[in-house]
Amino acid sequence: MMNDGKYRILRAEDDDDIRGLLKLYLENNGFEVLLAKDGREAIKLAENEKPDLALLDIMMPGADGYRVMKEIRKSSNLPVLFLTAKDQDYDKVLGLNLGADGYLTKPFNPLEVTAYIQSSLRRFYQLGSGKKETFSQILEVGDLRLDLEQMRLEKGGEEIELTPTEFKILSRLMKTPGRVFTKAQLYESISGGFSESDDKTMMVHISNLREKIEEDGKNPQYIKTVRGLGYKIEYKK
C-alpha cells in the first residue's frame with residue numbers, strides 16, 4: 001500500500017482498450033493502478049512495486065497469466081484474480097488449483113470487477129496481514145494449528161502453505177469446529193457474494209485444502225462433507 005493509504009492494483013492485460021478502461025474505473029475508486037501489457041512486465045512490476053492485489057489476464061505475450069501467478073506466489077500471498085476470456089470450466093478449475101483467489105470472465109461489467117476487487121482486498125487484509133486489523137488468536141483442531149496473525153498453518157509442527165482463499169475458508173471453519181457451513185456461507189466469507197456458478201469453485205477450494213491437510217483426501221479426518229448441507233471441520237481420533 002502506498003504511503004497515502006491507497007491500495008496498489010496490478011493489472012496485466014494486452015488489450016489497450018480494456019487496460020485503459022479498467023485503469024479509469026479503478027483510479028476513480030481510489031486505487032493506484034500498475035499496468036502491464038504482457039506477462040514479463042507483470043512479473044517485474046509485481047517484484048519491484050509490491051502491489052496489494054493482482055488482476056491478471058491469462059492469454060498474454062511473453063508469459064501467460066498462469067506463469068505470472070506462479071512467479072508471484074514464490075514470494076507473496078497477495079490476492080490474485082483472473083479476468084480473462086477463457087470461460088471454460090477446465091480453465092477456471094486450473095486457475096483456482098494453481099492458487100488464484102477468484103476467476104472473472106469477459107465480457108465484464110467494470111463496476112462489478114471493481115466491487116470484487118474491493119471485497120477481496122477488504123477480506124484479505126482484515127484477516128491478519130498486518131496492514132489492517134490483526135488477530136493474536138490461535139485456532140487449533142486436532143493436529144492443525146492456525147495462527148490468524150501470522151497467516152500460518154501448521155500440522156504436527158510442520159508448516160503447510162495456503163493460498164489466501166484457502167486460509168479464509170479454513171479459518172472460518174476452525175473458528176467454530178463442528179458447525180456446518182453451506183457452500184454459499186463459505187463463499188460469501190471470502191468474496192462477499194455467491195452465485196450458482198460459484199458452487200464448483202468452492203468444491204475446488206475444499207478439494208485443494210483436503211489435499212494439503214488430510215492424510216487421505218478421499219477419506220478426510222478434518223473437513224467433512226455433510227451431504228445436502230455443506231462442510232464442517234472436526235477431528236475425532
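The values are calculated or read from the model by the stated rules, or taken from the named source; none is laboratory data. Since the model is a prediction, treat every value here as computed from it, not as a measurement. Note that each Cβ is placed from the backbone with ideal geometry, even for glycine, and that neighbours are counted across all protein chains shown.
Assess whether Leu144 counts as being in contact (Cβ under 8 Å) with a residue 40 or more places away in the chain and under 22 Å from Leu173 (Cβ atoms). Yes, satisfied. Among the residues of the stretch 146-176, those that are under 18 Å from Pro79 (Cβ atoms) and hydroxyl-bearing (Ser, Thr, Tyr) comprise Thr163, Thr165, Ser171.
Yes/no matrix, rows are residues, columns are (1) at pLDDT below 90; (2) assigned to a helix (DSSP H, G or I); (3) within 16 Å of the chain's Cα centre (by Cα):
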| position | (1), (2), (3) |
| --- | --- |
| Lys6 | yes, no, no |
| Asp14 | no, no, no |
| Lys44 | no, yes, no |
| Leu55 | no, no, yes |
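Within the stretch 75-87, the presence of a residue that is out of contact with any Cys (no Cβ under 9 Å at 6 or more places or on another chain) and assigned to a helix (DSSP H, G or I) is excluded. Taking the condition within 20 Å of Pro164 (Cα to Cα) and either modelled with pLDDT of 90 or more or part of a strand (DSSP E or B) (or both), does Ile72 pass? The answer is no for Ile72. In the stretch 65-92, of all residues being within 13 Å of the chain's Cα centre (by Cα) and of a type in the set (Val, Ile, Thr), the one that is surrounded by the fewest Cβ atoms within 10 Å (Cβ to Cβ) corresponds to Ile72. Here the stretch 93-128 is the region considered, the condition is being surrounded by fewer than 19 Cβ atoms within 10 Å (Cβ to Cβ), among the hydroxyl-bearing types (Ser, Thr, Tyr) and part of a helix (DSSP H, G or I), and the residue that is nearest to the chain's Cα centre (by Cα) is Ser119.
Residue count for the stretch 207-237, restricted to those that are in a helix (DSSP H, G or I) and not aliphatic (A, V, I, L, M): 5.
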